[in-house]
Amino acid sequence: MYKLVNLVRVFFAGILILALTGCVSAPPVTPKAAQNLRLYVFNCGTIDVADISVFHPGIGKGEHKRLTDSCYLIVHPKGTLMWDTGLPDALINIPEGKTVYNLFTMHVTRTLASQLQEIGYAPDTINYLGISHMHSDHIGNVNLFPKATLLMQQEEYAAAFGPEPGKYGFSPENYPTLHANPVKQLTGDYDVFGDGTVIIKRTLGHTPGHQALFVKLPKTGNVLLSGDLVHFTENWEHKYVPGFNYDKAQSLKTMDEVAQFLKDNHAVLWIQHDLEQNQEIKHAPKYYE
Ligand SMILES: [Zn+2]
């Protein structure tokens, strides 16, 4: 367990230099007004895992699996919310990918900055920054959004900026600008725009203050963006918990609660790291309504 936590920490630390070498911000553009709710999906990198058993202990030892790294923009008539920020855009400068600990190889083939620019949203115009959790494959580009109000469970914020972030697999060197962002610390579910269409769901377990995002799209239907509640479909179907989760019992309890929530709300789970599922999902500049 300790070794796994360490290993994951090394993985996250490995992203550090890339995060710091920076990303070129898109030139300012005026955000387009949206009359209806929209959800854009971005490809924010891939992660090749050399031994998938780190995600389900004892199963698939030595097997390779590619994960995707997704991030999202929600455009609401009352504002915009960026949900997770993926791997650092600077990885695009390493076409062969960056391998850490002989286990994870990360690639970025399109920057988040360029994908936002393509749809006409400059990062510094984004109103809210929702981060599922503070692991480095979700916060790689937080530095693009220094003006956005960070929406985060208070336990996650305390872990990220407290005395022992490394204990949770967090590396503060990867998010040096984030403490200066305006912040709203959450203690439960949170209705971002006040009309019930975009709700942050408190889904603890993977990390101390992990959260997911529920979006009620009028045409598409109800979607829950997973964060790292699970990493791929097999783990969801079998309720496997990665060895490096913060709290295994809480992770299992949360998965049961989410399964019930999906049923009650006729919602579909979009698993952010699931490559196969994401191949069926349309990406920006297309969007869901
Ligand atoms: Zn992740």
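Does LYS253 satisfy the criteria of being away from the ligand (no atom under 16 Å from the Cβ) and more than 15 Å from ARG202 (Cβ to Cβ)?
For LYS253, the condition - away from the ligand (no atom under 16 Å from the Cβ) and more than 15 Å from ARG202 (Cβ to Cβ) - is not met.
Tallying residues that are surrounded by fewer than 20 Cβ atoms within 10 Å (Cβ to Cβ), touching a Ser or Thr at 6+ places or on another chain (Cβ under 9 Å) and not in a helix (DSSP H, G or I) within the range 270-287 yields 2. Within the option set THR46, THR80, THR109, being under 23 Å from TRP270 (Cα atoms), at pLDDT 95 or above and within 14 Å of the ligand (Cβ to nearest atom) holds for one residue only, THR46. Total residues in the range 231-260 satisfying the condition of being outside any helix (DSSP H, G or I) and touching a strand residue (DSSP E or B) at 6+ places or on another chain (Cβ under 8 Å): the figure is 2. Answer yes or no: is there a residue in the range 181-203 that is within 14 Å of the ligand (Cβ to nearest atom) and either at pLDDT below 95 or assigned to a loop (DSSP other than H, G, I, E, B) (or both). For the range 181-203, residues within 14 Å of the ligand (Cβ to nearest atom) and either at pLDDT below 95 or assigned to a loop (DSSP other than H, G, I, E, B) (or both): present.
Listed conditions (1) away from the ligand (no atom under 15 Å from the Cβ); (2) closer than 17 Å to GLY130 by Cβ are all met by GLN211, apart from (1). Would you check if there is a residue in the range 59-73 being among the small types (Gly, Ala, Ser) and within 16 Å of the ligand (Cβ to nearest atom)? Yes, the conditions are met somewhere in the range 59-73.
Report, by residue number, each residue of the range 17-43 that is within 16 Å of the ligand (Cβ to nearest atom) and modelled with pLDDT under 90.
Passing the criteria: LEU18, ALA19.
When restricted to residues that are surrounded by 21 or more Cβ atoms within 10 Å (Cβ to Cβ) and free of Cβ contacts under 8 Å to residues at least 60 places away in the same chain, the range 215-225 contains 1. Against the test of being without any contact (Cβ under 8 Å) to a residue 40 or more places away in the chain, more than 20 Å from LEU217 (Cβ to Cβ) and either hydrophobic (A, V, I, L, M, F, W, C) or buried (at least 24 other Cβ atoms within 10 Å of the Cβ) (or both), the options ILE92, ILE131, ILE59 yield a single qualifying residue, ILE92. Within the range 261-289, the residues that satisfy the criterion of being out of contact with any strand residue (DSSP E or B) (no Cβ under 6 Å at 6 or more places or on another chain), within 16 Å of the ligand (Cβ to nearest atom) and within 27 Å of ASN36 (Cα to Cα) are ILE271, GLN277. For the range 99-108, the set of residues classified as out of contact with any Gly (no Cβ under 7 Å at 6 or more places or on another chain), of a type outside the set (A, V, I, L, M, F, W, C) and part of a strand (DSSP E or B) consists of THR99 only. Would you be able to say whether some residue in the range 151-169 is part of a loop (DSSP other than H, G, I, E, B), of a type outside the set (Lys, Arg) and within 16 Å of the ligand (Cβ to nearest atom)? Scanning the range 151-169, I find at least one residue that is part of a loop (DSSP other than H, G, I, E, B), of a type outside the set (Lys, Arg) and within 16 Å of the ligand (Cβ to nearest atom), so the answer is yes. Is it the case that the range 120-131 has a residue that's under 13 Å from PHE42 (Cβ atoms) and within 16 Å of the ligand (Cβ to nearest atom)? So far as the range 120-131 goes, no, none of its residues is under 13 Å from PHE42 (Cβ atoms) and within 16 Å of the ligand (Cβ to nearest atom).
Taken over the range 271-284, the criterion of being in contact (Cβ under 8 Å) with a residue 24 or more places away in the chain and out of contact with any Gly (no Cβ under 9 Å at 6 or more places or on another chain) is satisfied by ILE271, HIS273, ASP274, LEU275, GLU276, GLN277, ASN278, ILE281, LYS282, HIS283, ALA284.
Within the range 160-172, no residue that is more than 19 Å from SER132 (Cβ to Cβ) sits with its Cβ atom under 9 Å from a residue that is at pLDDT 95 or above and surrounded by fewer than 14 Cβ atoms within 10 Å (Cβ to Cβ) at 6+ positions apart or across chains.
The values are calculated or read from the model by the stated rules, or taken from the named source; none is laboratory data. What you see is a predicted model; the values in this text were computed from it and never measured. Here the Cβ is made from the backbone with ideal geometry for all residues, glycine too, and neighbour counts use every protein chain on show.
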